[in-house]
Amino acid sequence: MRYFDDDIVVETISFTHVRDAALQDMMTICYGTDGSFMPGAAVSAFSVAAENPGINIAFHIFTNGLEEAYRTRFAAFAEEQKVTVVLYVINSDLLKSLPQNKLWSTAIYYRFIIADFFYQKRDRILYIDSDIVCTGSLEPLFTTNLQDNIVAAVTERDSQWWQSRASRLGEPELSAGYYNSGVLLIDTQRWFEENATPRAIERLQDAQLVARLTYFDQDVLNLTTCGKTCFLDKKYNVQYSLNYELGSKHSRPEQGSYTLLHYIGPTKPWHQYASRYAISASYTRAKAASPWRDLPYQLPLSSMQLRYAAKHCFKQKRWLSGLKYYALYFKAKLVRSC
């Protein structure tokens, strides 16, 4: 059964174009985002279109609000790339009771709305997080044989990590594989048959379980689809945090080793203070070629972002900017403590 009905969508804006009218098949790509991640979703969609030129693609983007600057540019994107773009403004108030924190807003739960929404509309959908950039063909991924599973996804880290999550969440079967929820190939019929969304929401309303969750949506998704997941090639969700650039423990993934590069963590390539790194180039090149090329990179707003902005500026030897952001960070902390 479904948990969310279609009436959770309060506005729909559609821009319809196709690359080849003779092709009946269409790749359905979905995003769920709020305003702070919209720069990522927009450029991510552009990168998918640019790297998959011979395929009819429909992008479905679910959000809680949409600025006019994005509406007009999505229209231009659809026309230039000959793709379909459908924008859905949703009523996110229904999610306010679910757990969230300073890193993750209720937008992390939009993927549940998306999976419910496409039941009996599409057989399968590919959900992609907004902080992911595409660098190659997604056709082999989209046509993966799901073998009667609910989802296909990429495992996170290694078997030691899977065992840790299995112990933490009280589900031994997760030791065979714990996945990152940033890329999900979803069989909408199987999702419906297994009551995936109602079961996930029930878990998110269980205070005892929530106390054990580290990654709210991801942990619950792993529990809900446990034993009914097909694991994908790692190249379809290579995870790298831009905050790794502040240290020396992590090596950058090599160009060509990934088809989908996932910028995990709180620092994103659309943040002005992190856009200069070599590993950010997959994003910055796509942005420069897209209708969003003229939109400025985001400046730090929260105290957490100010702190990271200072650290990244010092790493890049931008001393004055680093000092400025540290001063703003301490000022923000002082104001909060008063």
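The values are calculated or read from the model by the stated rules, or taken from the named source; none is laboratory data. Values in this document were obtained by computation on a predicted structure and should not be read as measured data. Please note: Cβ atoms are built from the backbone with ideal geometry, for glycine as well, and neighbour counts cover all protein chains shown.
General observations
- Pairs where the first residue, in the range 293-309, is in a loop (DSSP other than H, G, I, E, B) and the second is of a type outside the set (Gly, Ala, Ser) and surrounded by fewer than 15 Cβ atoms within 10 Å (Cβ to Cβ), C-beta under 8 Å, 6+ apart: Ser302/Lys102
- His262, sole failed condition from (1) closer than 30 Å to Thr155 by Cβ; (2) touching a Leu at 6+ places or on another chain (Cβ under 6 Å): (2)
- Residue within the range 168-183 that is of a type in the set (Phe, Trp, Tyr) and surrounded by fewer than 22 Cβ atoms within 10 Å (Cβ to Cβ) present: no
- Listed here are the helices (runs of 4 or more DSSP H) enclosed by the range 149-221 that have at least 2 residues being within 17 Å of Arg2 (Cβ to Cβ), within 23 Å of the chain's Cα centre (by Cα) and free of Cβ contacts under 8 Å to residues at least 24 places away in the same chain: 196-204.
- Residues that are of a type outside the set (Lys, Arg) and touching a Leu at 6+ places or on another chain (Cβ under 6 Å) were ranked within the range 184-207; the one that is nearest to Ser130 (Cα to Cα) is Leu185.
- When the range 111-135 is filtered for residues that are in a loop (DSSP other than H, G, I, E, B) and either out of contact with any strand residue (DSSP E or B) (no Cβ under 8 Å at 6 or more places or on another chain) or at pLDDT below 95 (or both), the ones remaining, listed by number, are Tyr119, Gln120, Lys121.
- When residues in the range 88-99 are screened for being surrounded by fewer than 21 Cβ atoms within 10 Å (Cβ to Cβ) and either among the hydrophobic types (A, V, I, L, M, F, W, C) or under 16 Å from the mean Cα position of the chain (by Cα) (or both), 3 of them pass.
- Residue within the range 190-209 that is among the small types (Gly, Ala, Ser), crowded, with 16+ Cβ neighbours inside 10 Å and in contact with a His (Cβ under 7 Å, 6 or more places away or on another chain) present: no
- Restricting the range 244-260 to residues that are at pLDDT 95 or above and either of a type in the set (Ser, Thr, Tyr) or touching a Pro at 6+ places or on another chain (Cβ under 7 Å) (or both) leaves a set whose member that is nearest to Asn52 (Cα to Cα) is Thr259.
- In the range 222-238, residue farthest from Leu141 (Cα to Cα) [restricted to those that are under 17 Å from the mean Cα position of the chain (by Cα) and among the polar types (S, T, N, Q)]: Asn222
- Check on Tyr110, surrounded by fewer than 23 Cβ atoms within 10 Å (Cβ to Cβ) and within 30 Å of Glu194 (Cα to Cα): no
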